[in-house]
Amino acid sequence: MKEFYESEFMIETEVPQGELIISRTDLKGNIIYANDSFSYISGYHPEELIGKSHNIVRHPDMPKAVFADLWQKLNSDGKWEGIVKNLRKDKGYYWVYANISGIFKDGVLIEYKSIRTPISFKDKLRAQNKYDEIRNRDGENIRKVVYS
Ligand SMILES: Cc1cc2nc3c(=O)[nH]c(=O)nc-3n(C[C@H](O)[C@H](O)[C@H](O)COP(=O)(O)O)c2cc1C
């Protein structure tokens, strides 16, 4: 098991109530649009986000299985929703509830969009515990806090 964690990973950016973090991707998950909230909360300039894979904000606490489920649901139902912990450019993190769905043109799926809203502290704790269990089960990295 890898020891990923340093104290720099521990600073949370809280998404303010009423904030909507919006992005659009192509069908492979490459970012083609990022709103100001996405840029501000993730700590990236919009130009650093456009053209990148959405995994640019992937946090190591997120189990692989969650994204496998996300892509399977997008392929079968065209939508997915759930809680995501994302990584900021400065290695801090932010929690969101993400609602992802397809964008259609003349009945053909052309892009995906994701609209994210804040979650409660209780939901963050619940999700953290659940994701820790899944990573543990799947033999992925575990969290280790290093004091210096
Ligand atoms: C519209 C859309 C939004 C996404 N938003 C996120 C996100 O906020 N954070 C994230 O880690 N992955 C997000 N993903 C999933 C990523 O594309 C990617 O599958 C995930 O980060 C895991 O990385 P990997 O596929 O390289 O293993 C999104 C995908 C789509 C289609």
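Restricting segment 1-13 to residues that are within 16 Å of the ligand (Cβ to nearest atom) and open to solvent by 50 Å² or more (accessible area, probe 1.4 Å) leaves a set whose member that is modelled with the highest pLDDT is E12. Scanning segment 48-83 for residues that are closer than 19 Å to N136 by Cβ and either open to solvent by 20 Å² or more (accessible area, probe 1.4 Å) or among the hydrophobic types (A, V, I, L, M, F, W, C) (or both) yields R58, P60, M62, K64, A65, V66, F67, A68, D69, I83. Only one of the listed residues (D61, D90, D77) is out of contact with any helix residue (DSSP H, G or I) (no Cβ under 9 Å at 6 or more places or on another chain) and of a type in the set (D, E, K, R). That residue is D77. Pairs linking a residue in segment 128-144 that is open to solvent by 50 Å² or more (accessible area, probe 1.4 Å) to a residue that is at pLDDT below 90, with Cβ atoms under 6 Å and 6 or more positions apart or on different chains, are I142/M1; R143/Y5; K144/E3; K144/Y5.
Put simply, of Y33, Y44 the only residue that is within 28 Å of R143 (Cα to Cα) and more than 13 Å from the chain's Cα centre (by Cα) is Y44.
The values are calculated or read from the model by the stated rules, or taken from the named source; none is laboratory data. Keep in mind that what you see is a predicted model, and the values were worked out from it rather than measured. We place every Cβ from the backbone using ideal geometry, glycine too, and count neighbours over all the protein chains shown. Surface accessibility is based on the protein's heavy atoms, side chains included, excluding ligands, DNA and RNA. Shrake-Rupley method; radii C 1.70, N 1.55, O 1.52, S 1.80 Å.
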